Structures are given as structure tokens and as C-alpha cells.
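The values are calculated or read from the model by the stated rules, or taken from the named source; none is laboratory data. None of these values were measured; they are calculated from a predicted model. Every residue, glycine as well, gets a Cβ built from its backbone with ideal geometry; the counts of neighbours run over all protein chains shown. The accessibility values were calculated without ligands, DNA or RNA, using every heavy atom of the protein model including side chains. Shrake-Rupley method; radii C 1.70, N 1.55, O 1.52, S 1.80 Å.
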Amino acid sequence: MAKPAPAEEDAAALRRRLRRSLAAVAAGGAAADVYDEAAAALEALREAELGTGGRKRGGGGEGRRPAAEEGEEKDAVPVPPQFLCPISSRVMSDPVIVASGQTYDRRSIEEWFSAGNQLCPQTQQALLDTTLIPNHLVRSMILQWCTENRFDLPPVENQVETNVTNSDQKTFDEIFKKIASSPKSTEMRQAIKDLRLITKQNSDFRAVLGERPDSISRMIFSQSNPGLQNDPQVLEDMVTVILNFSLHDSNKKVIGDDPEAIPFLIWALKSGDMGSRGNSAAAIFTLSALDSNKEKIGELGAMGPLIDLLDNGNIIAKKDAASAIFNLCLLHENKSRATKNGIVDVAMRAMDDQLLVDGSLAILALLSSNHEVVEMITEFNGAACMLRAIRESECSRSKENAVVVLFAICMFNRMKLKEVEADEKINGSLALLAQSGTSRARRKAVGILEKMKRNMHNRHMSC
């Protein structure tokens, strides 16, 4: 008789139990009861998540189609493997990078570390530093894919409950008292620097902002002090403080609702040095996880400075700008703002220079449903550029984005379809992609090939 299935809310505990047992087995010398414990935990987890029939239970699953739209199993679009957490095999809701460079879902890797593991699960590299860095680009790509394929967007898991201590509150108040009212500019400058450091190192400390929502404005106003004006380091420290606070999910709305915060970031994006501009772009990206913030950021004029940073920044700043632009353009109104501010020109030049090809392709694919944008891409020799990306890129997602743009070009421009047809006869890039690409890439490649066949048939019929 099968065991009764554990309650759904016990699944996380079962995964932790399984990981602890597997870690003990992997370490060697485990007793027999450890193997039994691992087997029992695995069976219980299988029962909880798949049921006795072996199929995943409906409702509440991460990265699932809405129940009314799932249809037959054979029609389901497979999730790209790079979007799955290597630990949980689920769509990552909050992808983070560990010191080895690997990406995991935050909840899974935090549970891994909490179980006492200090090795990277993928590389088995010893991790002396367990700092987790949000992988913003992967998160945006997952959101876009889920939207395009009508999957439920995986929500960001609630962060581990933070315990804001009296000590954190006291430290917070002491620092902001120095920032807002110290008579010495040197003391104010040091307090801002201290705030930057503590908000980087102490995630629980960030939660205090929710209890002191006017604190960002107070810090920004302190810049009017004559001793702090025109100090590039103070500006960078302030921008980075906002970035660090924004990493705490509940602070995204707090900062977005602060009337000074987003305008200050945009001003720093225009006027700061490269460090300030890059961190402003990163802060704008994290804040734009909320649609309400996407709208405010676009309306307040961030798109132009972001595109300028993408064009003229160093490589780190360019990546931050590309991530911010991509995420903002998930809101329809911001697509036209990006187009008016010259994103096509900048993205196409970046591709020609072989700089930030993946990020540029992601942005162009997102915008390619607009006829005007496609015409602009075509004017920059877009068909040849996309064909080259399909041939040369080692990233399956970038090949997908390139063929999405190429499909739009071919649908809007018959002359370019002939150009693509000529290239296909020589290189066969689309035929190969139709066999080996992602599901979306295969559909677009097949669509272009079928349009070529119809054109050839029409030409033969007219002869």
C-alpha cells in the first residue's frame, strides 16, 4: 500500500532532508541508515510532487501553463534547460550566481548552504565566499520566455524571513543621523560610505528601510551640503546604497514610491562617472522588476541615458544598461521610448563591433514585432547581421533571438527574403536551426523556409 502523500507545504522540507542525506552519502563512509533515509526522502518527495501516477500535480507548480491552456502533453513547449535550477530542476524564480560562476535558484542554493555544504553542486569547487549575486539577465530572459509561451511567471520566492534586530535599527538610525544632520562634511561622507558597506554585507539590515521609508530622500538631500557637492565618490556611494537596498524585494516599492529616488538615479545616470552610471543602471534594473516602477522609470526619462550608456560605457556598464533596457521594454509603452532614443542604431553597431551581441539580440527580438523597428533594422543590413549571428553564435538563446528578428524581416520585406534564400543555399543555416534550435527558433526557421518554398513555387508557376 502506497504511503499517503505528504502535504504540499512539506515539499521544501523533504528536499532539504534529501539534500542532507545525499551530502552525507557523497562525503563517503555513510552508514546504511543514511542510504535508507535518502531513499525514503526521495520516495516521499516523488509522491508529494508527482503523485502515484507519476504526473506532476496541477496548481501551484512553478513555471506551469495556466490549467485551461495546458492542452495535450505532446504540445507542451519544453522549458529551456538553462532556465532550470541544477538543484531543484524547476524554473528559477530568483536566479543567483555563486562564486564559481554557476547560476542557481536562490531558495535552492540557500538551502544547500544551510545544510552545511560548502561546495558548488555543479563544479564541486570549494566556495570560500557564499555571497549570492542576482543574475538579472537570466531572470529577464525567463520572464520573457514565460510570457511568450503562456506559462505562469515564476514568482520571486519570499526571501527568508528577516529578523530586523534592535541593533540593526539602532545602527540604521545612527548612520542616518550623521548623514542628515552632522555639521562635519567628513563625518557625513564617512557615514554614507559605511552605509554602502553595511547594505552590501548585511541583507537583514536592508529590511529596516521598510520601517524608515523616507530615508532615501534624507540621504539624497544631504548632497546639497557644500562639502559633498560635486564629489564623485559620494555620488557613487549614494547610488550604490540605493542599489543595495533595492536587492531586498519589499524595498522595490518603497524606493519606487520615494519621489526623489528614481529622479536621482536618472540624474546620476546622466551626470556621474562610469561607476555611478553603471550602478545607476543596475539599480534601475532591479527596481524595474515591478511594472509600476517600469512605468515611472520610463516616464521620467531613463531610456535615453541608458541607451547612451549602452553605446559609450565600459563593458560592465554596457551589460547593466542592456539588462535595464531589456527589462523596461517588457512594458509596451517603453518600447516606443527605446526606439525614439535610438536603440536600434546602438544595438546594431554593438553587434557589428562584436560587443554585447547577446544583449543586443535580446533587445532587438523584443522590439521586432513593430514594423517601424524592423524597417530600421533592415536599413542597418539587418538580414546579413542576423544570419551571421545564427551561424557564429554559440548561445542557443542568441540564435533564437536572431532568427526571431530575421523572421520579422522576411515577413516585411520580400527583397530581403531573396537575400536570405541565397545565403541559405550556400550555408544551410536555417535548415540546421530548424533541426537543432530551441523550440521557438525551430518554429521561426521553419516559417522562413516555408515562405521561401512558396516563393519558389510562385516563381515557377509564373514562368
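Residues that are open to solvent by less than 30 Å² (accessible area, probe 1.4 Å) and in contact with a helix residue (DSSP H, G or I) (Cβ under 9 Å, 6 or more places away or on another chain) within region 104-119 comprise Y104, S108, E111, N117, listed in sequence order. When region 421-447 is filtered for residues that are among the hydrophobic types (A, V, I, L, M, F, W, C) and out of contact with any helix residue (DSSP H, G or I) (no Cβ under 6 Å at 6 or more places or on another chain), the ones remaining, listed by number, are A422, I426, A431, L432. For region 246-261, the criterion of being assigned to a helix (DSSP H, G or I) and open to solvent by 50 Å² or more (accessible area, probe 1.4 Å) is satisfied by at least one residue.
Inspection of region 454-462 identifies no residue that is of a type outside the set (S, T, Y) and either at pLDDT 90 or above or under 27 Å from E394 (Cβ atoms) (or both). Does A445 satisfy the condition of being over 16 Å from S360 (Cα atoms), assigned to a helix (DSSP H, G or I) and open to solvent by less than 40 Å² (accessible area, probe 1.4 Å)? When the stated conditions are applied, A445 passes them.
The residue that is surrounded by the most Cβ atoms within 10 Å (Cβ to Cβ), among those in region 320-350 that are in a loop (DSSP other than H, G, I, E, B) and either aliphatic (A, V, I, L, M) or at pLDDT 95 or above (or both), is N341. Residues of region 169-182 that are in contact (Cβ under 8 Å) with a residue 40 or more places away in the chain and open to solvent by 20 Å² or more (accessible area, probe 1.4 Å): Q169, A180. For region 359-397, a residue qualifies if it is polar (S, T, N, Q) and without any contact (Cβ under 8 Å) to a residue 40 or more places away in the chain, and the qualifying residues are S360, S369, N370, T378, N381, S393. Within region 185-202, the set of residues being out of contact with any Lys or Arg (no Cβ under 8 Å at 6 or more places or on another chain) and either under 19 Å from G256 (Cα atoms) or of a type in the set (K, R) (or both) comprises R189, K193, R196, K200. Residue count for region 351-378 under the criterion of being part of a loop (DSSP other than H, G, I, E, B) and touching a Lys or Arg at 6+ places or on another chain (Cβ under 8 Å): the result is 3.
The residue list F412, F407, F380, F326 contains one member that is of a type in the set (F, W, Y) and farther than 28 Å from S288 by Cβ, which is F412.
Yes or no, residue by residue, for (1) open to solvent by 10 Å² or more (accessible area, probe 1.4 Å); (2) over 20 Å from I448 (Cα atoms); (3) in contact with a strand residue (DSSP E or B) (Cβ under 8 Å, 6 or more places away or on another chain):
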residue	(1), (2), (3)
Q354	yes, yes, no
L361	no, no, no
N370	yes, no, no
M386	no, no, no
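Checking each residue of region 271-287 against the condition of being among the small types (G, A, S), open to solvent by 60 Å² or more (accessible area, probe 1.4 Å) and more than 21 Å from the chain's Cα centre (by Cα) gives at least one match.
Residues considered: V234, V241, V208. Of these, the only one that is surrounded by 15 or more Cβ atoms within 10 Å (Cβ to Cβ), within 22 Å of the chain's Cα centre (by Cα) and part of a helix (DSSP H, G or I) is V241.
Among residues of region 107-135 that are among the charged types (D, E, K, R), those with a Cβ under 6 angstrom from a residue that is open to solvent by less than 80 Å² (accessible area, probe 1.4 Å), sequence gap 6+ or separate chain, pair up as R107/E157; D129/A99. Taken over region 211-224, the criterion of being open to solvent by 40 Å² or more (accessible area, probe 1.4 Å) and either under 14 Å from I284 (Cα atoms) or in contact with a helix residue (DSSP H, G or I) (Cβ under 8 Å, 6 or more places away or on another chain) (or both) is satisfied by E211, R212, P213, R218, F221.
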